[in-house]
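Enquirer: Quick one: the structure is below, and I'll ask about it shortly.
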Amino acid sequence: MSMNKQQGTESQAKKERIAVYPGSFDPVTYGHLDIIQRSAKQFDRLIVAVLNNTSKNPLFTVEERKELLAEVTKDIPNVEIDSFRDLLVRFMRSKNADVIIRGIRSVTDFEYELQLASTNHMLDGEIETMFMMTNPKYSYLSSSIVKEIAQFKGNVKELVPPVIEDRLKAKYEARG
């Protein structure tokens, strides 16, 4: 094969499409899992990135959240679990990702997410944000609601995968 043909073939090689779905995932809910499953179909790799937000007091540690995410996504081969504590755009560059996935439940979510997307685009114009509308059956669902129900020994079976339900019960039982 001539050098020009080989170079042409290499330059035509498809760039791997990598997206990042960032969040606190404290804990991961069926709403999160819906966005993960749907996003994974759109990209070669989906990195679910747990935000290590030092201003919040999470129920689960970053390592526990990563472990739980790995468990509930183990059957989705192109999903990776990671964490970050820097600017999201820096994390994206370190992973060669150029799309941020964000779930939208309501108009209120959209206003906040639009502000974040605009800021991230200002910081790095090569990074795009894709908004995914949540499945309507999860439009009310948040990690905060799940934790509040679990804290008072309410039923979260319809809100989170069984492994998350078990870990929530154990966390709150340990706290007394």
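The values are calculated or read from the model by the stated rules, or taken from the named source; none is laboratory data. What you are looking at is a predicted structure, and each value in this text was computed from that prediction instead of being measured. As a convention, Cβ positions derive from the backbone with ideal geometry for all residues, glycine included, and neighbour counts pool all protein chains shown. Calculation scope for accessible area: heavy atoms of the full protein, side chains included, ligands and nucleic acids excluded. Shrake-Rupley method; radii C 1.70, N 1.55, O 1.52, S 1.80 Å.
Enquirer: Can you tell me how many residues in the stretch 46-70 are touching a residue at least 12 places away in the same chain (Cβ under 8 Å) and open to solvent by less than 80 Å² (accessible area, probe 1.4 Å)?
Expert: 17
Enquirer: So, one more: Do you know which residues across the stretch 71-90 are in a loop (DSSP other than H, G, I, E, B) and buried (at least 20 other Cβ atoms within 10 Å of the Cβ)? Steps first, please.
Expert: Our first condition is that a residue be in a loop (DSSP other than H, G, I, E, B); within the stretch 71-90, this holds for 73-78, 85-87.
The answer is THR73, and nothing else.
Enquirer: Return the total of residues in the stretch 77-88 being in contact with a strand residue (DSSP E or B) (Cβ under 9 Å, 6 or more places away or on another chain) and more than 17 Å from PHE25 (Cα to Cα).
Expert: Looking only at that region, the number is 1.
Enquirer: Do the conditions hold for PHE43, that is, is it under 22 Å from MET92 (Cβ atoms), aromatic (Phe, Trp, Tyr) and surrounded by fewer than 22 Cβ atoms within 10 Å (Cβ to Cβ)? Steps first, please.
Expert: Values: under 22 Å from MET92 (Cβ atoms): yes; aromatic (Phe, Trp, Tyr): yes; surrounded by fewer than 22 Cβ atoms within 10 Å (Cβ to Cβ): yes.
It is true that PHE43 is under 22 Å from MET92 (Cβ atoms), aromatic (Phe, Trp, Tyr) and surrounded by fewer than 22 Cβ atoms within 10 Å (Cβ to Cβ).
Enquirer: Which residues, counting only those in the stretch 91-108, are assigned to a helix (DSSP H, G or I) and over 15 Å from the mean Cα position of the chain (by Cα)? Write out each step before concluding.
Expert: Residues of the stretch 91-108 assigned to a helix (DSSP H, G or I): 91-94, 107-108.
Within the stretch 91-108, ARG93, SER94, VAL107, THR108 qualify.
Enquirer: Next up: Can you give me the number of residues within the stretch 13-40 that are in a helix (DSSP H, G or I), open to solvent by 60 Å² or more (accessible area, probe 1.4 Å) and charged (D, E, K, R)?
Expert: Looking only at that region, the number is 1.
Enquirer: While we're on this one: I'd like to check something: does the stretch 161-169 contain any residue that is without any contact (Cβ under 8 Å) to a residue 40 or more places away in the chain and surrounded by 15 or more Cβ atoms within 10 Å (Cβ to Cβ)? Talk me through it step by step, then tell me what you get.
Expert: Taking the stretch 161-169 as the starting set, the residues that turn out to be without any contact (Cβ under 8 Å) to a residue 40 or more places away in the chain are 162, 165-166, 169.
Filter once more, keeping what is surrounded by 15 or more Cβ atoms within 10 Å (Cβ to Cβ): 165.
Scanning the stretch 161-169 turns up at least one residue that is without any contact (Cβ under 8 Å) to a residue 40 or more places away in the chain and surrounded by 15 or more Cβ atoms within 10 Å (Cβ to Cβ).
Enquirer: Can I ask one more? Considering only residues that are β-branched (Val, Ile, Thr) and part of a helix (DSSP H, G or I), look in the stretch 118-176 and name the one that is farthest from GLY31 (Cα to Cα). Write out each step before concluding.
Expert: Quick first cut of the stretch 118-176, residues β-branched (Val, Ile, Thr) only: 119, 127, 129, 134, 145-146, 149, 156, 160, 163-164.
With the extra rule that they be part of a helix (DSSP H, G or I), the set shrinks to 119, 145-146, 149, 163-164.
On the way: THR119: 25, ILE145: 12, VAL146: 11, ILE149: 16, VAL163: 15, ILE164: 13 Å.
Looking at residues that are β-branched (Val, Ile, Thr) and part of a helix (DSSP H, G or I), I get THR119.
Enquirer: Between a residue in the stretch 29-40 that is on the phi < 0 side of the Ramachandran plot and any residue that is at pLDDT below 95 and charged (D, E, K, R), which pairs come within a Cβ distance under 8 Å, given they are 6 or more apart or on different chains?
Expert: Sorted first by the residue in the stretch 29-40, then by its partner, the pairs are GLY31/ARG105.
Enquirer: So, SER143, is that one among the polar types (S, T, N, Q), out of contact with any Leu (no Cβ under 8 Å at 6 or more places or on another chain) and surrounded by 14 or more Cβ atoms within 10 Å (Cβ to Cβ) or not?
Expert: On the way: among the polar types (S, T, N, Q): yes; out of contact with any Leu (no Cβ under 8 Å at 6 or more places or on another chain): yes; surrounded by 14 or more Cβ atoms within 10 Å (Cβ to Cβ): yes.
So SER143 passes the test.
Enquirer: Mind listing whichever residues of the stretch 91-114 are of a type in the set (Phe, Trp, Tyr) and open to solvent by less than 50 Å² (accessible area, probe 1.4 Å)?
Expert: Taking the stretch 91-114 as the starting set, the residues that turn out to be of a type in the set (Phe, Trp, Tyr) are 91, 110, 112.
Correct list: PHE91 only.
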